[in-house]
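The values are calculated or read from the model by the stated rules, or taken from the named source; none is laboratory data. Bear in mind the structure is a predicted one, so any value in this text is a computation, not a measurement. Virtual Cβ from ideal backbone geometry, glycine too; neighbours counted across all protein chains shown. Ligands, DNA and RNA are excluded from the accessible area calculation, which covers all protein heavy atoms including side chains. Shrake-Rupley method; radii C 1.70, N 1.55, O 1.52, S 1.80 Å.
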Amino acid sequence: MSDLVYTSLSAYLKEKIDSFPISSKIYDYGTVKSCNSDVIIIKGLGRAKYGEILEIENGVAYALAFDLKKDEVGAVLLDGEQAVEVGFMVKGTGRVASVGVGEALIGRVIDPLGRPLDEKPLMCRELRPVEAKAPSIVDRAPVDTPLETGIISIDSMIPIGRGQRELIIGDRQTGKTSIALSTIIHQAKSNSGVICIYCAIGQKKANVMNVVSTLEKAGAMNNTIVMPAFSNDCAALQYIAPYAACAVGEYFMYKGKDVLIVFDDLSKHAAAYRMISLLLRRPAGREAYPGDIFYLHSRLLERSAHLSKELGGGSITALPVVETMAGDISAYIPTNVISITDGQIYLETELFNSGMRPAINVGLSVSRVGKSAQYKAMKKTSGALRLEIAQYRDLAVFTRFGAELDSTSAAILKKGETIMEIIKQKANDDYSTAQEVILLLAAEKGVFSDKIGLSVNEQKYDLLEYFAKNEQKILDMINNGKDTDDIILEKIKEAFAGFTAWEEENHAERR
Amino acid sequence: MKKALLKAAPKTAPETIEKIKARFSQYLNEELEWSVEEDASLIGGFLAYIDGTVYDCTVATKLEEIKQALYDAVGRN
């Protein structure tokens, strides 16, 4: 039996090889005229396409065609910059830059050309070009499903929907990557089915290693793809990294899945593109960026969308990260990306240093999709939150003078302080919808009292612990239905009463 | 006269090389200035570099094509 199979397989192969068409290949070639850091000028190749991959001297190096002139092509090296010499033969491959896509990528660390970086083999059945057209207006549907981050201040006041672009902007070391990672980990912990792609552009290898190990420890690598272009990689690789991440995400989006892509960060992406443009001697504009720096980011972020039902209803949510210098959000790149995205989360150094973490400035942060991207439970509880914080901020100034306030203002101050304590969150704290709703309801109903002598922070953790131990049913009901009707609200009221009693009882032991 | 480079596999007969040169002159309708090199990596056949175009008639390229076709049938790596 097995003999037959063997014979037929080898016969099949023989037949295939015999019938392989014999024809010669005719293609264009050019010669390397000059090498300048990452950029090479090639004489010839008059019919090269824009963005075509060029092969140098039979695979010694690869480059992307970027500057097309009649007798010359300016190309940017993708790798092997040490090996290219003047006079090398350059051949056009006829392909534009593409990346291998598929389910096999999930859980892996791959470079923007699809090569695995985690030393295990990778098999992909499909290739997608790195540059692709964004879905048209007819193909899109409005953003209506929430993408929860597990961070209470974002989910309540700056809600993100699936298919939205929300910018995370702030100075260095303010927690931007932390927010992105918490969102990714929350997708894994809440089984939301969202596939996450973390695209690191121009980061140190050590930082990316830390990210990967954080995700592994949290069990989030099972639905995450990490695509880094390190700071010592060629500028062209850093340039195509976010587009490649988008191409990988689009594979899943057109299959009806929801995808989250984090671009960390676009400032370094813009700097890599600036380097390429300056070396290609393109005219420099404001801050030495080339004229098409807006188009660089707009065509990237337009590929995030929520597809219509006819196309499967999939979505790509983008969380681009931009780093500002000294809090200046009116610099060139920040203003560009703010005008492209559907909102921003603004992180401030002063808030971070004064202990408010996540250091989100709620006043300046906005989500233009807003309430339509919130579960009903959250919508009901977070209605007046921003207003209360704004009122608190206005009044907080007076406390510095030791001024005496009337009872209404004092009440607003007290409420505001409680809310500010509630929305503080440690970096690896992840809240489910139910936990966030419980905390916000508790703040609203004044469950946290100062009669006991514990800080609001300590009472907050006690409340969560109490609910986890005794009222898991309520938590499950909210998490499953994502709504709080009157029955559930009654139960929560009773639970709060039970908690207050429990707290007073145990407090005696604690002191 | 245009310059042309012919890379041939080792042990190619000189008559074959002359035939190749004549055929190209006929095909392109002009006289060419030839320089001939030997390249073992071609395995068989020849490569002709003429004025920005490569005419690739090598066995090495054919084998590479077969390999790619097999990959496509099985799955990329």
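Being facing chain A (nearest Cβ under 10 Å) and open to solvent by 50 Å² or more (accessible area, probe 1.4 Å) is a condition met by at least one residue of region B:25-41. Could you list, in sequence order, all residues of region B:46-59 that are surrounded by 18 or more Cβ atoms within 10 Å (Cβ to Cβ) and either more than 8 Å from chain A (Cβ to nearest Cβ) or among the aromatic types (Phe, Trp, Tyr) (or both)? Hits for region B:46-59 are B:Phe46, B:Leu47, B:Ala48, B:Tyr49, B:Ile50, B:Tyr55, B:Thr58.
Tell me whether region A:481-493 contains one or more residues that are outside the structural domain of A:Ile154 (by TED's automatic domain parsing), at positive phi, open to solvent by 20 Å² or more (accessible area, probe 1.4 Å) and of a type outside the set (A, V, I, L, M, F, W, C). Within region A:481-493 (the criterion being outside the structural domain of A:Ile154 (by TED's automatic domain parsing), at positive phi, open to solvent by 20 Å² or more (accessible area, probe 1.4 Å) and of a type outside the set (A, V, I, L, M, F, W, C)), the answer is yes, since at least one residue qualifies.
The number of residues in region A:102-141 that are open to solvent by less than 40 Å² (accessible area, probe 1.4 Å), touching a Phe, Trp or Tyr at 6+ places or on another chain (Cβ under 8 Å) and within 14 Å of another protein chain (Cβ to nearest Cβ) comes to 1. Looking at region A:1-101, the strands (runs of 3 or more DSSP E) lying wholly inside it that each contain 1 or more residues that are more than 14 Å from chain B (Cβ to nearest Cβ) and in contact with a helix residue (DSSP H, G or I) (Cβ under 9 Å, 6 or more places away or on another chain) sit at A:25-36, A:39-44, A:61-68, A:72-79.
Residues of region A:65-82 being modelled with pLDDT under 90 and within 35 Å of the chain's Cα centre (by Cα), which ones? Within region A:65-82, A:Asp79, A:Gly80, A:Glu81, A:Gln82 meet the criteria. Does A:Glu348 satisfy the criteria of being of a type in the set (Asp, Glu) and open to solvent by 50 Å² or more (accessible area, probe 1.4 Å)? Against the criterion (of a type in the set (Asp, Glu) and open to solvent by 50 Å² or more (accessible area, probe 1.4 Å)), A:Glu348 does not qualify.
Determine, yes or no, whether A:Gly161 is outside the structural domain of A:Asn428 (by TED's automatic domain parsing), open to solvent by less than 10 Å² (accessible area, probe 1.4 Å), more than 25 Å from A:Lys268 (Cβ to Cβ) and not aromatic (Phe, Trp, Tyr). The answer is yes for A:Gly161.
Only one residue in A:Gly202, A:Gly175 is farther than 21 Å from A:Lys424 by Cα and in the same structural domain as A:Gln344 (by TED's automatic domain parsing), so which one is that? Selected residue: A:Gly202, the only one of A:Gly202, A:Gly175 that is farther than 21 Å from A:Lys424 by Cα and in the same structural domain as A:Gln344 (by TED's automatic domain parsing).
Restricting attention to region A:462-471, the residues that are of a type outside the set (Ser, Thr, Tyr) and open to solvent by less than 50 Å² (accessible area, probe 1.4 Å) add up to 5. State whether the residues of region A:143-165 include one that is within 14 Å of chain B (Cβ to nearest Cβ) and assigned to a strand (DSSP E or B). The answer is no; no qualifying residue exists. Within region A:403-414, is there a residue that is touching a helix residue (DSSP H, G or I) at 6+ places or on another chain (Cβ under 7 Å), within 24 Å of A:His186 (Cβ to Cβ) and assigned by TED's automatic domain parsing to the domain that holds A:Ala390? Within region A:403-414 (the criterion being touching a helix residue (DSSP H, G or I) at 6+ places or on another chain (Cβ under 7 Å), within 24 Å of A:His186 (Cβ to Cβ) and assigned by TED's automatic domain parsing to the domain that holds A:Ala390), the answer is no, since none of the residues qualifies. Only one of the numbered conditions (1) touching a strand residue (DSSP E or B) at 6+ places or on another chain (Cβ under 7 Å); (2) closer than 17 Å to A:Val248 by Cβ is violated by A:Leu78, and that is (2). For region A:172-190, the set of residues classified as within 24 Å of A:Arg386 (Cβ to Cβ) and either out of contact with any strand residue (DSSP E or B) (no Cβ under 7 Å at 6 or more places or on another chain) or part of a helix (DSSP H, G or I) (or both) consists of A:Lys176, A:Ser178, A:Ile179, A:Ala180, A:Ser182, A:Thr183, A:His186, listed by residue number. Of all the listed residues (B:Leu5, B:Leu70), the sole one being within 10 Å of another protein chain (Cβ to nearest Cβ), open to solvent by 30 Å² or more (accessible area, probe 1.4 Å) and under 20 Å from A:Gly92 (Cβ atoms) is B:Leu5.
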